[in-house]
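Data first, discussion second: the structure below is written as structure tokens.
The values are calculated or read from the model by the stated rules, or taken from the named source; none is laboratory data. Since we're looking at a predicted model, the values are computed, not measured. Ideal geometry is used to build each Cβ from the backbone, glycine not excepted, and the neighbour counts take in all protein chains shown.
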There are 2 protein chains.
Amino acid sequence: MSSRPANQTADKLLQAAHDLLVERSGQSASVSEICARAEVNVAMVKYCFGSKDGLLDAVLERALRQLTGELQRLAGADLTPESKLRRHVAEVARNYVRVPYVNRLMNERLLAAEPDAVDQISASFAVPARDWYAQLLADGRAADGWRSFDPTLFFFAVIGLCEFLFSARPLLERGFGESIDGDLVERFSTQIAELVIGGVHGPPPPAIVATDSCDPEGAAR
Amino acid sequence: MSSRPANQTADKLLQAAHDLLVERSGQSASVSEICARAEVNVAMVKYCFGSKDGLLDAVLERALRQLTGELQRLAGADLTPESKLRRHVAEVARNYVRVPYVNRLMNERLLAAEPDAVDQISASFAVPARDWYAQLLADGRAADGWRSFDPTLFFFAVIGLCEFLFSARPLLERGFGESIDGDLVERFSTQIAELVIGGVHGPPPPAIVATDSCDPEGAAR
């Protein structure tokens, strides 16, 4: 893997797998299809990545590192915490459409719970994203009085909010007769951004909510 | 399947599969293990459910119908929309711990996108839950001025918010060194309930957020 030609071959395989998976909306591609697209001998998959799963893990890792890179650019931008959070949520949702295999591969890896793949998802995305959330939540709390959240739990909440529409895509399409297109993703990302932004501020003080005072939580059961 | 003894056998198999999957935190059980627990001949799985997958689909459907039954009881309770939403979110999160196979089976079925299994998840849970959300969102809007949300998109957002912690459990455990126990689930369900309740109210009016006016969204890029 250290020689230059092998690296170039690995890059060609990564790019070909990425392109095929994007063209097929995340549905699988065979090793021979990937190698034909990359114009590389099929033996090179084993040589460069150990196996097809190794190649797919590397494709997923590259895509997740790109997401993490976007987060780091956003961290340095001159924006309010609210604007950063709003943009982040929209970026994550759009990313599932732009790179449709991320969601599927990530969920397959998490279902299989294979330690190396899980560690790779942690290192390339989950841990940096959680750390980014920790900083953002602290900034939002200091600047705008956001509520206090555990950054690790916040990571699972926000990523889940963004991703289930895509992992449950067959439900959206068969159960509700909708299809994932640019318009739906924009509507979704606007709605989830509103939900999260409202969420970090928390509910308004009880005095504003007129009906709540006559039926307080806990009294009715 | 129509005769009484076959129904009783089917019930025994459903209960045995449920019990084994709960004991194993959602990890799989073999047909022979399920039949041994049910004290039923292995041939009855094929007779009653067609296959092991048919049995597992029926186990999942039963669990999802119980969740839907809880929703319907909550719909009739004398509670504010906010209290109903708060309880619902906590119930969904706790349900993933109480019945740990629901999340795993549902995600396996959705990944495989097998039409019959997807239709069953729609009919037994997704469509009734979406309809419940539609009513709740309308009630909350009328009574407490909640923002307007598309109920279908709201369904995917809220279920995703509740479920990713469980579907990404290996990430939580290996990546962050946490484990899913009663305490973590209570902390999580409190945080996601706050997030959703704040979310349906939306952000406070801009005047309250002091720093936002000097750095309006869109001006910085």
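Step by step: first the residues of region B:187-215, then only those that are more than 7 Å from every other protein chain (Cβ to nearest Cβ) and assigned to a loop (DSSP other than H, G, I, E, B), then the one that is modelled with the lowest pLDDT. Which residue is that?
In this case the residue turns out to be B:ALA210.
Looking at region B:146-174 only, could you name the residues that are part of a loop (DSSP other than H, G, I, E, B), at the interface with chain A (Cβ under 8 Å from one of its Cβ atoms) and either closer than 20 Å to B:ARG87 by Cα or of a type in the set (A, V, I, L, M, F, W, C) (or both)? Quick ask: steps written out before the conclusion?
The first filter runs over region B:146-174 and keeps only residues part of a loop (DSSP other than H, G, I, E, B), leaving B:146-150, B:168.
Going one step further and asking which of them are at the interface with chain A (Cβ under 8 Å from one of its Cβ atoms), we end up with B:147, B:149-150, B:168.
The answer is B:ARG147, B:PHE149, B:ALA168.
Restricting attention to region B:32-39, does a residue exist that is in contact (Cβ under 8 Å) with a residue 24 or more places away in the chain, part of a helix (DSSP H, G or I) and not assigned by TED's automatic domain parsing to the domain that holds B:ASP116?
Narrowing region B:32-39 to residues in contact (Cβ under 8 Å) with a residue 24 or more places away in the chain: B:38-39.
If we keep only those that are part of a helix (DSSP H, G or I) too, we end up with B:38.
With the extra rule that they be not assigned by TED's automatic domain parsing to the domain that holds B:ASP116, the set shrinks to B:38.
Yes, the conditions are met somewhere in region B:32-39.
Among the residues of region B:3-10, are any out of contact with any strand residue (DSSP E or B) (no Cβ under 8 Å at 6 or more places or on another chain) and either assigned by TED's automatic domain parsing to the domain that holds B:TYR133 or within 30 Å of B:TYR133 (Cα to Cα) (or both)?
No, region B:3-10 contains no residue that is out of contact with any strand residue (DSSP E or B) (no Cβ under 8 Å at 6 or more places or on another chain) and either assigned by TED's automatic domain parsing to the domain that holds B:TYR133 or within 30 Å of B:TYR133 (Cα to Cα) (or both).
May I ask you to say which residue of B:GLY218, B:GLY177 is at pLDDT 80 or above, surrounded by fewer than 22 Cβ atoms within 10 Å (Cβ to Cβ) and not in a helix (DSSP H, G or I)? First the steps, then the outcome.
Details: B:GLY218 fails: at pLDDT 80 or above.
Just a single option satisfies the conditions, and that option is B:GLY177.
Mind checking which pairs have a first residue in region B:90-102 that is under 9 Å from B:GLY26 (Cα atoms) and a second that is small (Gly, Ala, Ser) and modelled with pLDDT of 90 or more, Cβ under 6 Å, 6 or more apart or different chains?
Listed pairs, sorted by first residue: B:VAL99/B:ALA63; B:VAL102/B:ALA63.
Being within 7 Å of chain A (Cβ to nearest Cβ), more than 23 Å from B:ARG62 (Cα to Cα) and free of Cβ contacts under 8 Å to residues at least 60 places away in the same chain: is that true of B:LEU184 here?
Values: within 7 Å of chain A (Cβ to nearest Cβ): no; more than 23 Å from B:ARG62 (Cα to Cα): yes; free of Cβ contacts under 8 Å to residues at least 60 places away in the same chain: yes.
Considered against the rule, which asks whether it is within 7 Å of chain A (Cβ to nearest Cβ), more than 23 Å from B:ARG62 (Cα to Cα) and free of Cβ contacts under 8 Å to residues at least 60 places away in the same chain, B:LEU184 comes out as no.
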